[in-house]
């Protein structure tokens, strides 16, 4: 539905987007995720029409968008600052796109009431944006952007100004809203947790390029490269060298840990001698005072170097032989006060060889 | 912090400064109601200097001139200054701010002399038109400054949001930018009006026969003596200026708000 073909954009010497291509399906909740400066907002501004690409093409339903000014594109944006017009009431704000579309007064009034009910703020019609809370402004901004049914809704970090509790509630509302209206959402965020929670698919961006596009669970479990592994969630990334391997199993050498087995990455073939990295999620590591290795498990001894008590879980940084640090995580799911280990305690860790994922 | 009272020394210094500033003005006001030809001692209350003013043709003409000049030059400076403020904000030309705001910093006498030279060179006869042109030229900067500071405080995504939601560039200017800039534009217009009606130096150089303004007329009266009539007309001028300044300060909180 939205096709971005080989789009590049530079600002002076800074390359904001380098030959970016991606396809977004109709009805999809698609997220552009990456650290600040990765180009995600630039791409959003190109789609909205606030900026022009240096090269490449953007097609919506097969028709090129680039020649159209923002007001002629069936694309609306929810801004990070909400951008509600301060001199207009909530109802006037929502009516704005309908007025621009030359809709009749009666029709406008009808639609405004309807959409205010949808966002559950029917009594705020006559209020000015100043009098609204952050969450209410957010809902009005979304209502205003959706009221005349755009083909595409762009959302630029819309939840970043809200506190954590409200953010979670708004995330659920956004998911439900997108399901209800069926409009394609393109969502920009630097918050990987938010991206995982909301999206059908995520494009992880880094330095103006796309690192990987996949569904959240694929992205999390099978990152294509170190950047994605590191950016999404917590991850142990261990530099390694490929010793030998076949289609199922690869033997790798990790400095300080010696030779261990790992599952081959079906996407990439590693040759003996290649540099690679083993990516290992903390929650996939078993941790106990002493462990018995299961078949197909790698087992190491070490001691607790540091720990972070987070309430539901505790993150332990385990120091293995030769100073290798591995992050493991234990759920504090036993009843009562849980305090399993202390700094300096001797522990053992183990992981199944298919729990790790090899990346170049 | 908010509850902290200023020290006594600071308070009395402040009071002294304001006494120094306002006592002379108060004296002018008081003696404009004094029933004596001399500004020496209080004799009794009277309106007669104001009554004399109403029958003084040259003062009335000068006041009329001042008003016409102030209204026209404030209106012109407001339109041009607003456009200049918008252009400065767009920031396409680096030299534009210095060019527009320069006259604010320039000494009045310099502007006056140079404008006089230009009018003579271009064969513009000195009169209302030359005064208006002169006033517009030094007022533009103040309006531009007021508009531009308002623009700088405005969320730029508001304009993008308007375009995004279907407004043409002109619609987004008329429906979003203009209403939001209005406090700045009004503040600029009032500033221009006050500056124009009070101006002496530049007007002195650019006025011609029959186009005397109130400040010029007062000056020519004072050359002979500071009469109670001068006090009365000065009081009226002060009243107009104070009214505008008060209105301006009522508007400026809203200028600063967003």
In nm, give the distance between the simple-model label positions of residue A:61 and residue A:292, each being 7 Å from the Cα along the Cα-to-Cβ direction.
6.5
Here the convex hull volume per residue of the range A:77-236, taken over Cα atoms and given in Å³, is 124
Geometric extent, Cα atoms of the range B:154-258 - Rg, Dmax (angstrom):
20.8, 67
Would you mind checking the tilt of helix A:164-181 against the longest principal axis of the Cα atoms of chain A, expressed as 0 to 90 degrees and rounded to 10?
60
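Please average, across the residues of B:48-54, the number of beta carbons from any other chain that are within 10 Å of each residue's own beta carbon, and give a whole number.
Numbers: counts 0, 0, 0, 0, 0, 0, 0.
Across the residues of B:48-54, the mean count of other-chain Cβ atoms within 10 Å is 0.
Using the Cα gyration tensor of the range B:7-117, with a ≥ b ≥ c the square roots of its eigenvalues, what is the shape: rounded (a/c below 1.5), prolate (a/b larger than b/c) or oblate (neither)? Intermediate values should be presented prior to the final figure.
Working: a/c = 3.00, a/b = 1.53, b/c = 1.96.
It is oblate, given that a/c is not under 1.5 and a/b is not larger than b/c.
Taking only DSSP H segments of four or more residues, each worth -39500 (n - 2.57), what value at 222 nm results for chain A once the sum is divided by all its residues, to the nearest 500 deg cm²/dmol? All intermediate terms of the calculation are to be shown ahead of the outcome.
Values: 8 runs with 84 residues, N = 360.
It comes out at -7000 deg cm²/dmol, rounded to the nearest 500.
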Just check the range A:162-217 against the gyration tensor rule for me: Cα atoms, a ≥ b ≥ c as the square roots of the eigenvalues, rounded for a/c under 1.5, and otherwise prolate or oblate depending on whether a/b exceeds b/c.
oblate
Expressed as an acute angle from 0 to 90° and rounded to the nearest 10, what is the orientation of the C-alpha long axis of helix A:90-100 relative to the principal long axis of chain A?
70
Suppose we keep just the alpha-carbon trace of the range A:26-141; what are its Rg and Dmax in angstrom?
16.5, 47
Volume per residue that the Cα convex hull of the protein assembly as shown spans, once the total is divided by residue count, Å³
278
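If you wrap a convex hull around the alpha carbons of chain B, what volume per residue comes out, as a whole number of Å³?
Working: hull volume 49.3 nm³, N = 258.
With only Cα atoms used, chain B gives 191 Å³ per residue.
Under the Kirkwood approximation for Rh and a Cα-based Rg, what ratio Rg/Rh is obtained for the range A:194-248?
Details: Rg = 13.0 Å, Rh = 12.5 Å.
Answer for the range A:194-248: 1.04.
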Expected output is a single nm value to one decimal: the length gained when fully extending between residue A:110 and residue A:207, i.e. 0.36 nm times separation in residues minus the C-alpha distance. What is it?
30.4 nm
Counting only C-alpha contacts under 8 Å and six or more residues apart, can you give the relative contact order of the range A:2-226 as a whole percent?
29
Please identify, among A:164, A:53, A:253, the residue showing maximal mean-square fluctuation in a Gaussian network model of chain A using a 10 angstrom Cα cutoff.
A:164
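Give me B:49, A:351, B:170 sorted ascending by neighbouring Cβ count inside 10 Å, so fewest comes first.
On the way: B:49 21, A:351 24, B:170 8.
Result, fewest neighbours first: B:170, B:49, A:351.
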Mind pulling the angle between the C-alpha long axis of helix A:105-118 and the longest principal axis of chain A? Nearest 10 degrees, somewhere in 0 to 90.
30
For residues of A:137-146, the mean tally of beta carbons on other chains within 10 Å
1
Between rounded, prolate and oblate, where does the range A:234-359 land on the alpha carbon gyration tensor, with a ≥ b ≥ c its root eigenvalues, rounded for a/c under 1.5, else prolate if a/b exceeds b/c?
prolate
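Multiplying the sequence separation of residue B:20 and residue B:238 by 0.36 nm and subtracting their Cα-Cα distance, what value in nm do you get? Could you put the intermediate results ahead of the total?
Values: separation 218, 0.36 × 218 = 78.48 nm, distance 1.69 nm.
Roughly 76.8 nm would be gained on extension.
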Viscosity 1.002 mPa s, temperature 20 °C: what is the translational diffusion coefficient of chain A from Stokes-Einstein with a Kirkwood Rh over Cα pairs, rounded to a whole number of µm²/s?
92
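Every number here is computed from the coordinates shown, using simple stated rules; none is lab data. Predicted model only: the values in this text are computed from it and were never measured. Note that we place each Cβ from the backbone using ideal geometry, even for glycine, and neighbour counts take in every protein chain shown.
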